[in-house]
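K.L.:
Pasting a structure below so you can have a look.
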Amino acid sequence: MGLIGADDDMSGSVVEANEEIAEIAEINEVDETEAGGDDGERVVRRDAAVRAAVEQGLLGPDAPIVGLLDVTGIRASAAALHRAFEAVAAPGTAILHAFAVKANPLVPLVRLLAAEGIGAEVASAGELALARAAGVPVARTVFDAPAKTEAELREALALGVAVNADNPQELRRIDALVRGGGATRSALGLRVNPQIGAGTIGATSTATATSKFGVGLRDEGAREWVIQAFADRPWLTRLHAHIGSQGISLSLLARGVAETYALAEEINARTGRRQVDTLDIGGGLSVNLASEVTEPTYAQYARLLAEAVPGLFDGRYGLVTEFGRSLLARHGTVVARVEYAKSSGGRRIAVTHAGVQVASRTVYVPGTWPLRIAAYDDKGRPKEGPAVVQDVAGPACFSGDLLAEGRALPLLEQGDFAVALDTGAYYFGTHYSYNSLARPGVYGFAPDGDGGLAFAVVREPQTVAEVVADSGGAHADALTTLRASERH
């Protein structure tokens, strides 16, 4: 069932296709083996890792919180992504899967993904530096950001990093750099916003009418401006669109890709040449945070795209994806020791060392970003017993610092561990230093070859001395010695 092909009428085909895309998404059923075949194995690995972390001293009274990364699971996710797109693409299609570094900006992790054939999508000079430190080749790096400075653009072009301009003003900056500085090895593109609406989470929806990202294609005169911008710049060869992340349905993602594809076809027809040769279709595959079942899958998404936009995979266009959360969320776990267990107003409360500093979205917007919590005993073994309604609280000094409120779990007691699941993305890398709480250490784990687990340091736990240094400790006298200059 093809919706949009190379010879279709482009002026109205996308609008007419929207309802059919939604129907395809509904009937594109999940293969249970594909979606969840490894889910049980992942749980077994996680349980073993928590127990081993306690046994090996990574967790305990003096190390009350850690982040754990499942190396086996991460590699499996990368392989599944490659397989999904290779299964529907014509042989020889150039496909770059670039990891959205913001999802977990840890150099060893970015290097692990690079070893699995995944590039890097960066959104700041800092993330670009992390990707370079991880050894990601510049040819496999894409720079997207809505507020790139001239210096950042100059650096990216000098390196040969692919750049997607966000708006007309940025494109004019690139004009001056390209025409003034001569040739560049960078592939250059333009981000567009098809303005097709929001998913269930407004903050992660980037294709709304007033989104801050890209050129809004439905604004008056915008589509014609985009076409002319390409016609005037033979070196502008990519189109980029990202519809959003968590809370975005497969059908909405497919609609955004379909509109981007149709625009590329229109640009190439109007310019009379293969002007656009690569489509960057973003990432945004949601993660099922309600259970262990992995759904939707990369294979589902790729099949839907192949059915809805068959020309996308016929080999005429190179493809770039920018997945982040879906690659990592399942394979990260925050483990926090229960420092105290108490009751208040008839409610049991487990006071732990994981709260707003590692899970700011969950604490401040719990209805949108809930976390599943698992209970483990002081030896790191899953707890059993009757479910007790209780709060799982963090260490910060405000009453709303809760990982979970009124959650039914086996009773958490002093010395036990509360485990926040599905935290491999947007939890380890977004530390919030409320109360000057230190960043936890992060460790990767994998089989040691002798039936046990080996751990590797990904990020050392932050020391109190480092907290002081980050808070201006070297400049303690800066304000007390500051004097207004004398008037003459």
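The values are calculated or read from the model by the stated rules, or taken from the named source; none is laboratory data. This is a predicted model, so every value here is computed, not measured. Using ideal geometry, Cβ is built from the backbone for each residue, glycine included, and neighbour counts are taken over all protein chains shown.
K.L.:
Having 1 or more residues that are over 25 Å from the mean Cα position of the chain (by Cα), in contact (Cβ under 8 Å) with a residue 12 or more places away in the chain and outside the structural domain of Gly92 (by TED's automatic domain parsing) is the bar; report the strands (runs of 3 or more DSSP E) wholly within region 267-349 that clear it.
P.N.:
It comes to 332-344.
K.L.:
Hey, among Arg111, Arg132, Arg45, which residue is at pLDDT 95 or above and not assigned by TED's automatic domain parsing to the domain that holds Val161?
P.N.:
Arg45
K.L.:
Hey, Trp225 hits all of (1) touching a helix residue (DSSP H, G or I) at 6+ places or on another chain (Cβ under 9 Å); (2) in a helix (DSSP H, G or I); (3) of a type outside the set (Ser, Thr, Tyr); (4) in contact (Cβ under 8 Å) with a residue 60 or more places away in the chain but one; which does it fall short on?
P.N.:
Just one mismatch for Trp225, condition (4).
K.L.:
For region 320-369: of the residues being within 27 Å of Gln300 (Cβ to Cβ) and among the hydrophobic types (A, V, I, L, M, F, W, C), which is surrounded by the fewest Cβ atoms within 10 Å (Cβ to Cβ)?
P.N.:
Trp369
K.L.:
Is at least one residue of region 120-129 over 20 Å from the mean Cα position of the chain (by Cα) and either of a type in the set (Lys, Arg) or at pLDDT 95 or above (or both)?
P.N.:
The answer is no; no qualifying residue exists.
K.L.:
May I ask you to list the residues in region 367-412 that are closer than 23 Å to Leu437 by Cβ and acidic (Asp, Glu)?
P.N.:
Asp378, Asp391, Asp401, Glu405, listed by residue number.
So that you can scan it fast, the table gives a plain yes or no per residue for (1) at pLDDT 95 or above; (2) of a type in the set (S, T, N, Q); (3) farther than 22 Å from Gly429 by Cα; (4) not assigned by TED's automatic domain parsing to the domain that holds Arg407:
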{"position": "Gly367", "(1), (2), (3), (4)": "no, no, no, no"}
{"position": "Ile373", "(1), (2), (3), (4)": "yes, no, no, no"}
{"position": "Asp378", "(1), (2), (3), (4)": "yes, no, yes, no"}
{"position": "Ala396", "(1), (2), (3), (4)": "yes, no, no, no"}
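K.L.:
Which of the residues spanning region 206-226 are farther than 11 Å from Pro194 by Cβ, of a type in the set (Val, Ile, Thr) and modelled with pLDDT under 85?
P.N.:
Result: Thr210, single match.
K.L.:
Restricting attention to helices (runs of 4 or more DSSP H) lying wholly within region 85-201, give those where 3 or more residues are in contact (Cβ under 8 Å) with a residue 60 or more places away in the chain and either basic (Lys, Arg) or surrounded by 14 or more Cβ atoms within 10 Å (Cβ to Cβ) (or both).
P.N.:
In region 85-201, 107-115 are the helices (runs of 4 or more DSSP H) which contain 3 or more residues that are in contact (Cβ under 8 Å) with a residue 60 or more places away in the chain and either basic (Lys, Arg) or surrounded by 14 or more Cβ atoms within 10 Å (Cβ to Cβ) (or both).
K.L.:
Only one of Asp401, Asp448 is free of Cβ contacts under 8 Å to residues at least 60 places away in the same chain and under 27 Å from Val287 (Cβ atoms); which?
P.N.:
From the options Asp401, Asp448, the qualifying one is Asp401.
K.L.:
Just to confirm my filter: which strands (runs of 3 or more DSSP E) fall fully inside region 370-488 and include at least 3 residues that are surrounded by fewer than 18 Cβ atoms within 10 Å (Cβ to Cβ)?
P.N.:
Strands (runs of 3 or more DSSP E) meeting the threshold: 387-393, 402-410, 453-459.
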